[in-house]
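I have placed the structure first, in the form of structure tokens, so that the comments after it can refer back to it.
Rule-based calculations on the coordinates, nothing more; no lab input. Given the structure is predicted, the values throughout are model-derived calculations rather than measurements. When we count neighbours, we look across all protein chains shown, and the Cβ atoms used for this are built from the backbone with ideal geometry, even at glycine.
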Amino acid sequence: FVQEHTAVCDPLKEEYPDLGDEELYRHARLVTSAVIAKVHTIDWTVELLKTDTLYAGMRANWYGLLGKKFKDTFGHVGGAILGGLVGLKKPENHGVPYSLTEEFVGVYRMHSLLPDDLQLRDISSTSGPDKTPPATEKVPLQNLIGHKGEKTLSEIGFSKVMVSMGHQASGALELWNYPNWLRDLVVQDVDGVDRPDHVDLAALEIYRDRERKVARYNEFRRGLLLIPISKWEDLTDDKEAIATLREVYGDDVEALDLLVGLMAEKKISGFAISETAFTIFLLMATRRLEADRFFTSNFNEETYTKKGLKWVNTTETLKDVIDRHYPTMTKKWMNST
């Protein structure tokens, strides 16, 4: 997205030569921020929640039920339902200033998505019908973090890393799937010097929620008007998980920590996350758009410039962004749209 920002600056400078460097920077930052929000809304979220209902719902958040074609032709018409949240006449914060809440931080703990290793791919090979480059070596993810990790990533190369990640499935948000290398993490100071005390990030995440007084799992669900569990069998069908939960918490379901509950909870078909986490996601994804004047009253050519607004409106997916800067990567190795 640094390249995206630079790419936005170039046509803006050509179209509006009177803009100074600071104005160019700010306009390009605004456009790039909107692109990120749009990709997150109608592309990333629907991949995480792979159902037709969510696909339609997230697009309705941006375009409204009238849809993209109508909005591109006639502009924002009607309220949030018909025309979408983006382009509303004024922001709506429901009487509460928008912020990313502690509850949002609590459900966004997704380190289980990280694999133990990155399976590198040979992008110098010939692309086949399925566009899958042959696998080469595996690199432990713990070797790709910190100052040494940055050096290793640079040596591997951005395109190779991106293609390799794109052809590797993420981990599941389940119990017993927390990356082992994050359970014994060597953290560094800003100067790259290793700290003597290792970090168990899984334990730290539990501790942080407790320290910040984020509600335990059952109370959390009550706060969202969701049905709480009364026994472990309400949470999961996994007998081994039930036995372990009982070993840790006894029969006190009220003591269940939020993160543990989120990982143990039975998933809705097509969902990578739990229903509990999804409820917070849906709320915050909507609030992020409707409470921001740059997505409502100021989502216009006067604020973004005509060229900048067109850039946002014609970008639909992360693939569009990658294609602008790495067209060979998308053409040769990317199947998805």
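Below, the figures for the structure above:
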item: Which listed residue is surrounded by fewer than 16 Cβ atoms within 10 Å (Cβ to Cβ) and at negative phi, from THR317, THR328; result: THR328
item: Top-ranked residue of segment 48-75 - restricted to ones that are part of a loop (DSSP other than H, G, I, E, B) and free of Cβ contacts under 8 Å to residues at least 24 places away in the same chain, ranked as surrounded by the most Cβ atoms within 10 Å (Cβ to Cβ); result: GLY64
item: Residue, farthest from ARG288 (Cα to Cα), within segment 62-102, restricted to residues that are of a type in the set (D, E, K, R) and touching a helix residue (DSSP H, G or I) at 6+ places or on another chain (Cβ under 6 Å); result: LYS71
item: Selected residue (criterion: nearest to the chain's Cα centre (by Cα)) from residues of segment 267-322 that are among the basic types (Lys, Arg) and over 25 Å from HIS111 (Cβ atoms); result: LYS319
item: Residue that is surrounded by the most Cβ atoms within 10 Å (Cβ to Cβ), among those in segment 293-314 that are out of contact with any Phe, Trp or Tyr (no Cβ under 9 Å at 6 or more places or on another chain), within 25 Å of GLU92 (Cα to Cα) and among the hydroxyl-bearing types (Ser, Thr, Tyr); result: THR296
item: Pairs, first on the phi > 0 side of the Ramachandran plot in segment 129-144, second exposed (fewer than 15 other Cβ atoms within 10 Å of the Cβ), C-beta under 7 Å, six or more apart; result: LYS131/ASN335
item: Those residues of segment 103-134 which are in contact with a helix residue (DSSP H, G or I) (Cβ under 8 Å, 6 or more places away or on another chain) and of a type in the set (Gly, Ala, Ser), in sequence order; result: GLY106, SER112, SER127
item: Among the residues listed as ILE36, ILE81, ILE42, the single one being exposed (fewer than 12 other Cβ atoms within 10 Å of the Cβ) and part of a helix (DSSP H, G or I); result: ILE81
item: Residue in segment 208-220 that is within 24 Å of GLU102 (Cα to Cα), in contact with a Lys or Arg (Cβ under 6 Å, 6 or more places away or on another chain) and outside any loop (DSSP other than H, G, I, E, B) present; result: no
item: Only listed residue being of a type outside the set (D, E, K, R), on the phi > 0 side of the Ramachandran plot and without any contact (Cβ under 8 Å) to a residue 40 or more places away in the chain, chosen from LEU225, LEU245, LEU204; result: LEU225
item: The lone exception for ALA80 - which of (1) small (Gly, Ala, Ser); (2) within 27 Å of ALA34 (Cβ to Cβ); (3) free of Cβ contacts under 8 Å to residues at least 40 places away in the same chain it fails; result: (3)
